[in-house]
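The block underneath contains the structure these notes are about, expressed in structure tokens.
The values are calculated or read from the model by the stated rules, or taken from the named source; none is laboratory data. What you are looking at is a predicted structure, and each value in this text was computed from that prediction instead of being measured. Heads up, the Cβs are rebuilt from the backbone with ideal geometry, glycines too, and the neighbour counts pull from every protein chain shown. The protein model used for the area step is the full one, side chains on, heavy atoms only, and it has no ligands, DNA or RNA in it. Shrake-Rupley method; radii C 1.70, N 1.55, O 1.52, S 1.80 Å.
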Amino acid sequence: MNNPPLTRIEELVKAGFSKNNIKKYWGRFYLILSVLDSHEQITFDTLRKKFSDVSEDTVKGHLKEFLSEYTEYVVNVRGFYPKPETIIKIAEIKNGPVISTNLMQMNFECKDVVDNITMPLHKDFIDTLIKDKTVNNKVVIDKKELISLMYDEYRDFTRETDNGLSSIAGRLNEELIMKALENAGMDRGKDYVSTGKNSEGDIWVYQNAKAKIRKTLYIEVKSYHARERFLRGLHDINQEEKIGIGFFRDPSEFNPERTKSLLTAKPIAIYLPCDTYKKLHDDSKRMTTTRQEKVYRPFSLFVEDMKNYNKHGALKPFS
């Protein structure tokens, strides 16, 4: 366990945190959370009540900063999502740095952290729904009534909960990919950037500034399912230098017919998790881009390809 924040003030200030904020917010967070065991949880509202003189958003912001340094307390705050970078930090503490060959594994590790934050909320809600329907720890309920509860109340609850979950899931995928680039020695802000909303692609990788004509590679990032959003996202990038990457689990989403559709968006490559790539239909694996390069590539090539693009303005040949 880390030392209490107040004994680390100088170290934290050197890292860029405000001494005043550490004393005003972090100390109180620590006093509340440090007495909990590893599986005990409290709600954000419980912490919020200790700061009646400031807004909820202010408390959330400081709590996210605190958890970025004291990652061991992330799962103690029920339903509260830390920064995506904090979740990745937890995964790296457990498994080592994010690299090309473990991108999918690290995605699952991050998902476990998110699930540990989210699932207790669902358990509490379901317990409330069925509290009058439980006998000797068994649920006794009419099937029609159960369907009604799940269709109406639980569906509304999951829709509300999923808003925050979808947001952090998307950010996590992008941050994982950028962390792999960072760990390979690429410079965020110089060699690549996160574009934010309403931009062409989610990440841009730049050719080295020494090039006479500096090219940019536009990257569309998706999570577990390609669906139509992936194709639409690639089409929306009105650039010749573009690729897609996602933590796709279903190789059938990239069958030959689907691949023909994806190729209409003219990506120069699409990167898939290694296991998904191995299970592709042979005809899909053979299909090529307008540059006569195979369209699908495994995750294991991604970082080296980005480093090559940064240096030469092109992906490494792949056949």
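Descriptive notes on the structure:
- The peptide list 87-93, 226-232, put in order of mean Cβ contacts within 10 Å with the highest first, becomes 87-93, 226-232.
- Basic side chains Lys and Arg get +1 at the Cβ, acidic Asp and Glu get -1 at the Cβ, and with that the dipole of segment 55-173 about its Cα centre reaches some 260 debye.
- Heavy-atom surface analysis with a 1.4 Å probe gives the chain a carbon and sulfur content of 49 percent of its accessible area.
- Its relative contact order, with pairs defined as Cα atoms under 8 Å and 6+ residues apart, puts segment 73-133 at 47 percent.
- Residue-wise HN-Hα coupling along segment 215-222, computed from phi with Karplus coefficients 6.51, -1.76, 1.60 (Hz; x: Gly, Pro): 8, 10, 9, 9, 10, 9, 10, 9
- When the P(r) is computed for segment 140-267, the part past 21 Å accounts for 54% of the Cα-Cα pairs.
- As a calculated quantity, the FRET efficiency between ASN255 and ASN20 at R0 = 41 Å, using C-beta atoms, amounts to about 0.10.
- Mean separation of Cα contacts under 8 Å (6+ apart) over length of segment 1-104, as relative contact order %: 26
- Short-range pairs are left out: with C-alpha atoms under 8 Å and at least six residues apart, the relative contact order of segment 171-283 is 20 percent.
- Inter-label distance, GLU240 to MET150: 5.3 nm, where each label sits 7 Å from its Cα along the C-beta direction.
- Inter-part distance where segment 205-225 and segment 64-139 are each reduced to a Cα centre, Å: 32
- Added length on full extension, which subtracts the Cα-Cα distance from 0.36 nm per residue, ASP187 to SER52: 44.5 nm
- For the chain, the per residue solvent-accessible surface stands at 54 Å², with DNA, RNA and ligands left out and a 1.4 Å probe.
- Result for the chain in a Gaussian network model with C-alpha springs under 10 Å: among GLU145, GLU220, GLU200, the largest mean-square fluctuation is at GLU145.
- DSSP bridge pairs, the chain: antiparallel proportion in percent, nearest 5: 40
- Shape category assigned to segment 197-310 from the gyration tensor of Cα positions, a/c cut at 1.5: prolate
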